[in-house]
Amino acid sequence: MIIPFIDLKTQYQALEPKIQAHINAVLEHGQYIMGPEVEALEAKLAAFTGSKHCITCASGTEALLMSIMALGVGPGDEVITTPFTFVAAAEAITLLRAKPVFVDVESDTGNINAELIEAAITPRTKAIIPVSLYGQPADMDAINATAAKYGNLPVIEDAAQSFGASYKGRKSCNLSTIGCTSFFPSKPLGCYGDGGAVFTSDDVLANAIREIRVHGQSQRYVHTRVGVGGRMDTLQCAIVLAKLERFEWELYQRSVIGQRYNQLFDEAGISRIQQRSDRTSVYAQYTVIVPDREALQERLSGAGIPTAVHYPVNLNEQPAYKKMCCPDCTPEAQRLTKRVMSLPMGADLDVRIQNKIIKCLLAG
Ligand SMILES: Cc1ncc(COP(=O)(O)O)c(C=O)c1O
């Protein structure tokens, strides 16, 4: 039996009639760009998170780029973020000729260490971008409090992995000035291509981001500001709308499966990413922290069990970024990159497959 790292097929089979009906409706009305499903999805997602505005867009990366464009980040500015994540935030900052300032992470969650942020703030700091890694929100209250102390610096939560998670009873994406998520197919709420969304309750920012999404247009062919081609296709919005039907159940399943991994690994003394008691995780990845990663990956692969490493190289050690920052200033991130290993995870992970994974991991 081939074990998928993320099983999208079972989900599709469960939702097939609904997804097909949604796709057919778009093919019938033919409004492939900014069709009615775009607004319908935005209204549903805004209500789900509790944010006043949801602006869908081309990807999670585009969501981050449009957000910092709306904040006016530009040459010479600094934006604080984490090195232990996917490249998107650092990339968006750098594209605007600003500088990513990398702050180290917590050793047990992999999320940015909120206590270290204050020391990284300078007069050039324009924003803070924490990432809610592996599906668990970063310590957003502590980060917001530091931001408030320095002239209300805007905070953008990179919630590409954490849509559906909550923090002290509030939903990820609605925990700071702006929240950005991704609908990349393997994300907890995915489409069948690229997609993303920006969330905010600030009317001025929402309006700016809506304009930036369509080439900075305030009206047709009136380009009030510089923008991008950043819309999400109507078809992809229709697919996400169909997937919302099962999303709450999937969140519940993810939590049951994640907690089962937790319990069994704790009993066996296997180190893992920890979850804080004041927030929930959507377990976008299920990640253990192991000293002998390569040997374990080989053993699991031999048993037909795929694994992945999120992330093998910190961003401040990457060729494109290391020139502008200090690669050795984030020792916890460096330690984690050498040890983290993600296991198959998802709402449709069968308990027998989970047992096989656990048994194989513990066999050594
Ligand atoms: C933390 C994080 N931020 C941003 C992104 C970018 O999302 P997208 O692939 O939709 O551009 C990803 C995607 O992997 C991610 O994991």
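Couple of notes before you dig in:
- Exclusive hit being among the acidic types (D, E), more than 16 Å from the ligand (Cβ to nearest atom) and either in a loop (DSSP other than H, G, I, E, B) or in contact with a Gly (Cβ under 9 Å, 6 or more places away or on another chain) (or both), set E267, E250: E250
- Sole exception among (1) crowded, with 18+ Cβ neighbours inside 10 Å; (2) without any contact (Cβ under 8 Å) to a residue 12 or more places away in the chain for R220, by number: (1)
- Among the residues listed as L41, L8, L45, the single one being on the phi < 0 side of the Ramachandran plot, in contact with a Leu (Cβ under 7 Å, 6 or more places away or on another chain), within 16 Å of the ligand (Cβ to nearest atom) and in contact (Cβ under 8 Å) with a residue 60 or more places away in the chain: L41
- Whether a residue is more than 16 Å from the ligand (Cβ to nearest atom), of a type outside the set (G, A, S) and closer than 21 Å to E62 by Cα was assessed, and N174 passes this test.
- Segments classed as helices (runs of 4 or more DSSP H), wholly inside segment 1-101, with at least 3 members that are under 30 Å from K356 (Cβ atoms): 9-29
- Qualifying residue in segment 266-278 (condition: charged (D, E, K, R), touching a helix residue (DSSP H, G or I) at 6+ places or on another chain (Cβ under 8 Å) and closer than 30 Å to E78 by Cβ): no
- Pairs, first part of a helix (DSSP H, G or I) in segment 283-297, second hydrophobic (A, V, I, L, M, F, W, C), C-beta under 6 Å, six or more apart: R293/M341; L296/V290
- Summed over segment 48-90, residues that are farther than 25 Å from G164 by Cβ, away from the ligand (no atom under 16 Å from the Cβ) and touching a strand residue (DSSP E or B) at 6+ places or on another chain (Cβ under 6 Å) total 4.
To keep it simple, each residue is scored yes or no on (1) modelled with pLDDT of 95 or more; (2) assigned to a loop (DSSP other than H, G, I, E, B); (3) away from the ligand (no atom under 16 Å from the Cβ); (4) within 30 Å of K243 (Cα to Cα).
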{"site": "K126", "(1), (2), (3), (4)": "yes, no, yes, no"}
{"site": "Y134", "(1), (2), (3), (4)": "yes, no, no, yes"}
{"site": "P137", "(1), (2), (3), (4)": "yes, yes, no, yes"}
{"site": "A142", "(1), (2), (3), (4)": "yes, no, yes, no"}
{"site": "E157", "(1), (2), (3), (4)": "yes, no, no, yes"}
{"site": "Q161", "(1), (2), (3), (4)": "yes, yes, no, yes"}
{"site": "G164", "(1), (2), (3), (4)": "yes, yes, no, yes"}
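- When Y283, Y261 are screened for being within 16 Å of the ligand (Cβ to nearest atom) and not β-branched (V, I, T), only Y283 passes.
The values are calculated or read from the model by the stated rules, or taken from the named source; none is laboratory data. Since we're looking at a predicted model, the values are computed, not measured. Note: ideal-geometry Cβ built from the backbone for every residue, glycine included; neighbour counts use all protein chains shown.
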